[in-house]
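Novice: Would you mind keeping the following structure in view while I ask a few things?
The values are calculated or read from the model by the stated rules, or taken from the named source; none is laboratory data. The model shown is predicted, which means the values in this text are computed figures rather than measured ones. Ideal geometry is used to build each Cβ from the backbone, glycine not excepted, and the neighbour counts take in all protein chains shown.
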Amino acid sequence: MLQRELGGVALGFTLVNDGSTRGVGDAEREAVRNLLGEVRWIDHAVNKGKGTALRTGVQAGGAAIYLFTDVDIPYTVSSMVRACNTLLEGADVVLGYRQDDYYDRVPLTRRMISKTFRWVLRNVMRFPISDTQCGLKGFNEKGRRVFMATTIERFLFDMEFVMLISRRKDLLVRTIDARLDEGIRFSRMNYRVLARESVNFLKVLFRGLRQ
């Protein structure tokens with residue numbers, strides 16, 4: 001459907017298996033290829049984190065523009081089309097932005113954590129864009145070079161990326177309305193991951209203060 005909506009734009013897909021051993025056998029890989037066509041499949045022998053996995057995929061890219069999202073593809077095709085078209089029209093970086101009604105479908109604990117995090121970014125750290133964690137982003141080659149300069153291995157690589165691009169006056173950054181697809185269900189919050197990401201938050205904060 002995405003290919004049809006984008007018309008003559010040639011799509012390529014890269015999937016990074018970040019150390020998973022279940023559900024990634026030959027049958028599953030064949031099912032993915034039947035769905036998407038030609039797919040570049042990259043395996044990490046051990047789990048290295050979402051940030052590292054995405055840098056692996058982008059490093060292997062070789063495309064004019066890049067778009068990444070979460071593995072369950074939670075955003076509508078129209079959201080992804082808007083992101084691609086914004087890049088094709090000249091933006092260096094496009095960031096998905098979740099409106100208030102997005103949180104109507106989010107569990108209470110996740111909603112509170114997300115909104116608190118956005119408040120801190122906006123009011124304490126003075127980020128120009130508070131929604132750093134939206135799982136829909138894209139960039140061209142200029143944006144790609146900044147993305148590859150991120151260092152956080154796990155989930156807060158998004159925050160680090162937004163911090164880096166916000167300091168670059170030569171980048172054209174645009175936001176697009178990112179809408180959830182129907183039928184998306186959120187998993188329960190993993191508090192061990194949350195504790196670990198608190199350390200990464202401090203790493204990004206100190207990196208920002210040094211620059």
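Novice: Anything in the range 12-47 that is modelled with pLDDT under 85 and in contact with a helix residue (DSSP H, G or I) (Cβ under 9 Å, 6 or more places away or on another chain)? List them, or say none.
Specialist: Result: GLY37, single match.
Novice: Which of the numbered conditions does ALA91 fail, given that it passes all the others? Conditions: (1) over 18 Å from PHE13 (Cβ atoms); (2) exposed (fewer than 15 other Cβ atoms within 10 Å of the Cβ); (3) not acidic (Asp, Glu).
Specialist: Only one criterion is unmet by ALA91, namely (2).
Novice: Here is a further query. Since ARG110 meets every condition but one in (1) within 20 Å of PHE161 (Cα to Cα); (2) not in a strand (DSSP E or B), which condition does it not meet?
Specialist: (1) is the only condition that ARG110 fails.
Rundown of residues vs (1) more than 13 Å from the chain's Cα centre (by Cα); (2) closer than 26 Å to GLU89 by Cβ; (3) small (Gly, Ala, Ser), yes/no style:
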| residue | (1), (2), (3) |
| --- | --- |
| ALA27 | yes, no, yes |
| HIS44 | yes, no, no |
| THR52 | no, no, no |
| THR56 | yes, no, no |
| GLN59 | yes, yes, no |
| PHE68 | no, yes, no |
| ILE73 | no, yes, no |
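Novice: While we're on this one: Please state which of the following conditions THR132 fails to meet, knowing it meets all the rest: (1) polar (S, T, N, Q); (2) at pLDDT 85 or above; (3) part of a helix (DSSP H, G or I).
Specialist: (3)
Novice: Would you mention how many residues in the range 138-152 are buried (at least 17 other Cβ atoms within 10 Å of the Cβ) and farther than 17 Å from LEU87 by Cα? Outline the logic, then answer.
Specialist: Applying the first criterion (buried (at least 17 other Cβ atoms within 10 Å of the Cβ)) to the range 138-152 yields 138-140, 143-144, 146-147, 150, 152.
Now drop any that are not farther than 17 Å from LEU87 by Cα, which leaves 150, 152.
Qualifying residue count, the range 138-152: 2.
Novice: With the condition being in contact (Cβ under 8 Å) with a residue 60 or more places away in the chain, I'd like the strands (runs of 3 or more DSSP E) fully within the range 1-107 carrying at least 1 qualifying residues. Steps first, please.
Specialist: Values: elements: 13-18, 39-44, 65-69, 93-97.
Hits in the range 1-107: 65-69, 93-97.
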